[in-house]
């Protein structure tokens with residue numbers, strides 16, 4: 001049994017390195033791609049949340065700063081990620097017997113366009129990403145909005161990151 005473990009521990013690094021640049025998690029960015037531009041996220045939804053654009057912009061920039069080696073530049077990056085918030089909606093998702101909402105859902109929709117100036121086959125345009133959080137209808141949106149938006153932003157940023165540089 002110890003011999004089998006020893007052999008596996010010696011072969012595993014060789015097998016993993018033989019897979020080249022493939023990764024189950026994290027970005028797959030070509031070596032000659034050095035910079036990224038992530039402009040301010042525009043707000044185009046009908047219902048207004050004054051801090052959402054700023055929060056989403058900062059979350060996207062932070063995600064790329066933490067998980068990639070890319071330098072963030074204001075214009076003309078090798079990669080460019082342009083996003084806009086196109087939906088911010090609250091709807092009832094569960095109704096009681098007396099036709100009153102018991103559960104509400106906040107949904108945020110973001111449209112993103114990704115440009116890879118060195119590898120245009122990775123580009124996408126106007127791709128829609130959305131996430132939602134449910135909350136008890138007895139709570140006002142104002143009371144729970146900040147926490148819901150934080151969770152929703154986290155999900156959307158993860159999806160956009162995966163679609164752009166993790167290529168999932």
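No lab work stands behind these numbers, since they all come straight from the coordinates. All figures in this text were calculated on a predicted structure; none of them were measured in a lab. When we count neighbours, we look across all protein chains shown, and the Cβ atoms used for this are built from the backbone with ideal geometry, even at glycine.
If you average the sequence gap of Cα pairs under 8 Å that are 6 or more apart and divide by the length of region 35-164, what percent do you get for the contact order?
On the way: 242 pairs, mean separation 30.6, N = 130.
Taking the mean separation of contacting Cα pairs over the length of region 35-164, I get 24 percent.
In what sequence do 124, 135 fall when counting other Cβ within 10 Å, fewest first? If you can, show how the numbers build up before the last one.
On the way: 124 12, 135 19.
The most exposed by this proxy come first: 124, 135.
Simple spin-label model, 7 Å along Cα-to-Cβ: residue 62 to residue 146 in nm?
1.4 nm
Take the alpha carbon atoms of region 122-168, find their center, do the same for region 40-116, and report the distance between the two centers in whole angstrom.
What the calculation gives is 6 Å, centre to centre.
Fewest first, what order do 71, 145 take by the number of other Cβ atoms within 10 Å?
Values: 71 12, 145 18.
The order, fewest Cβ neighbours first, is 71, 145.
May I ask you to compute the full-extension gain from residue 91 to residue 47, defined as 0.36 nm times their residue separation minus their alpha-carbon distance, rounded to one decimal in nm? Write out the running numbers ahead of the final one.
Numbers: separation 44, 0.36 × 44 = 15.84 nm, distance 1.23 nm.
Extra length available between residue 91 and residue 47 comes to 14.6 nm.
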